[in-house]
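The values are calculated or read from the model by the stated rules, or taken from the named source; none is laboratory data. This is a predicted model, so every value here is computed, not measured. Quick reminder, even Gly has a Cβ in these numbers, built from the backbone with ideal geometry, and neighbours come from all protein chains shown.
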Amino acid sequence: MLKYYNPCGVSYTIKNKKADWGLDAVTKADIAVNQMVLREVAKAYPDFDVLGEEISSKTIGRKLFVVDPIDGTHMFIIGAPLFVFSAAIVIDGRPVAGVLCNPLARRTVLAEKGKGAYLVEKNFKLSVSNKKILAGALIKTGWKSSSASVLLHKQNARTPEVYSVAEAASLIATGGFDGCIFNGKLAHDIAAAKIVVEEAGGKVTDLWGKEQKYNGFIKGALLSNKHLHKKLLSIAKKSGVLEEFKKSHPFK
């Protein structure tokens, strides 16, 4: 990944554009990392398939590696150190292990079901924050959720935007952030975040506060330190995030 990175910007690595510049771009690094995962999984875990952001296995069975090669591609392109490699082992739709790695921050968060979440570089067990009120809380709402930000600001919360839900999840696990409202529909964005945040003592559900599977489309996500989960559910509902999601991503 880092061989393509340039702190002054790496626009030359853009392979194609799915939409407007940067926000939905695909770089050579995205493709290279995704292909590497496919090769290594095929060699070491032949009974697993890969569900990747850019490239997936020909079949999607019950045992998966769910991978986002670079979450925060826009940040990668402009040279900002806010991008994360995200991977989860998912069995029957349920994450059982996951890793979130920001190579420039030297922050690799690793979690396994029932064994906690750890900062690999320090061999340090992680724990979410103990924040119980929104005043002073750090909540990522996403660049499209301005209405949720307004409601949070009215309760004196802060809504810093890092343009990577995996980065936000890592920071929730380390106790830096307190929550995140995510209105995307793809499993690779949240699968690793689910196991990492919950093994650090937090909570991850869909936008309606329900459990969901991570082997296909998802219904957004709410990530929190657990204490603020109900408050974020209320914010998501009052702000119109739920209705916006249903209009943008209709599910049966």
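Spot the failing condition for Ile181; the list is (1) under 21 Å from Leu242 (Cα atoms); (2) among the aliphatic types (A, V, I, L, M); (3) under 10 Å from the mean Cα position of the chain (by Cα), and only one is missed.
Of the numbered conditions (1) under 21 Å from Leu242 (Cα atoms); (2) among the aliphatic types (A, V, I, L, M); (3) under 10 Å from the mean Cα position of the chain (by Cα), the odd one out for Ile181 is (3).
Residues that are in contact (Cβ under 8 Å) with a residue 60 or more places away in the chain: find the strands (runs of 3 or more DSSP E) completely inside region 15-128 holding 3 or more of those. So that I can check it myself, show each step before the final result.
Details: elements: 25-27, 49-52, 63-71, 84-91, 94-102, 107-112, 116-119.
In region 15-128, 63-71, 84-91, 94-102, 107-112 are the strands (runs of 3 or more DSSP E) which contain 3 or more residues that are in contact (Cβ under 8 Å) with a residue 60 or more places away in the chain.
Looking at region 45-87 only, could you name the residues that are touching a Pro at 6+ places or on another chain (Cβ under 7 Å) and either hydroxyl-bearing (Ser, Thr, Tyr) or at pLDDT below 95 (or both)?
Listed by number, the residues that qualify are Glu53, Glu54, Gly79.
Restricting to region 151-183, name every residue that is at pLDDT below 95 and of a type in the set (Val, Ile, Thr).
Val162
Counting only residues that are surrounded by 21 or more Cβ atoms within 10 Å (Cβ to Cβ) and in a helix (DSSP H, G or I), how many does region 141-150 have?
Result for region 141-150: 2.
Given the conditions (1) in contact with an Asp or Glu (Cβ under 7 Å, 6 or more places away or on another chain); (2) in a loop (DSSP other than H, G, I, E, B), and given that Ala166 satisfies all but one, which numbered condition is not satisfied?
Only one criterion in (1) in contact with an Asp or Glu (Cβ under 7 Å, 6 or more places away or on another chain); (2) in a loop (DSSP other than H, G, I, E, B) is unmet by Ala166, namely (2).
Check off (1) among the polar types (S, T, N, Q); (2) under 28 Å from Thr73 (Cβ atoms); (3) surrounded by fewer than 21 Cβ atoms within 10 Å (Cβ to Cβ) for Asn156 and give me the number that stays unchecked.
Every listed condition holds for Asn156 apart from (2).
Enumerate the pairs (first residue in region 222-237 and of a type in the set (Gly, Ala, Ser); second residue anywhere and part of a helix (DSSP H, G or I)) with beta-carbon separation below 7 Å, excluding pairs fewer than 6 apart on the same chain, so at least 6 apart or on different chains.
Here the result reads Ser224/Leu232; Ala236/Ala148; Ala236/Leu242, each pair linking region 222-237 to a residue that is part of a helix (DSSP H, G or I).
Which residues, counting only those in region 81-118, are among the aliphatic types (A, V, I, L, M), surrounded by fewer than 18 Cβ atoms within 10 Å (Cβ to Cβ) and more than 14 Å from Ala166 (Cβ to Cβ)?
Of everything in region 81-118, those that are among the aliphatic types (A, V, I, L, M), surrounded by fewer than 18 Cβ atoms within 10 Å (Cβ to Cβ) and more than 14 Å from Ala166 (Cβ to Cβ) turn out to be Ile91, Val96.
Could you say whether any residue in region 187-205 is over 20 Å from Val109 (Cβ atoms) and either surrounded by fewer than 24 Cβ atoms within 10 Å (Cβ to Cβ) or modelled with pLDDT under 95 (or both)?
Among the residues of region 187-205, not one is over 20 Å from Val109 (Cβ atoms) and either surrounded by fewer than 24 Cβ atoms within 10 Å (Cβ to Cβ) or modelled with pLDDT under 95 (or both), which makes the answer no.
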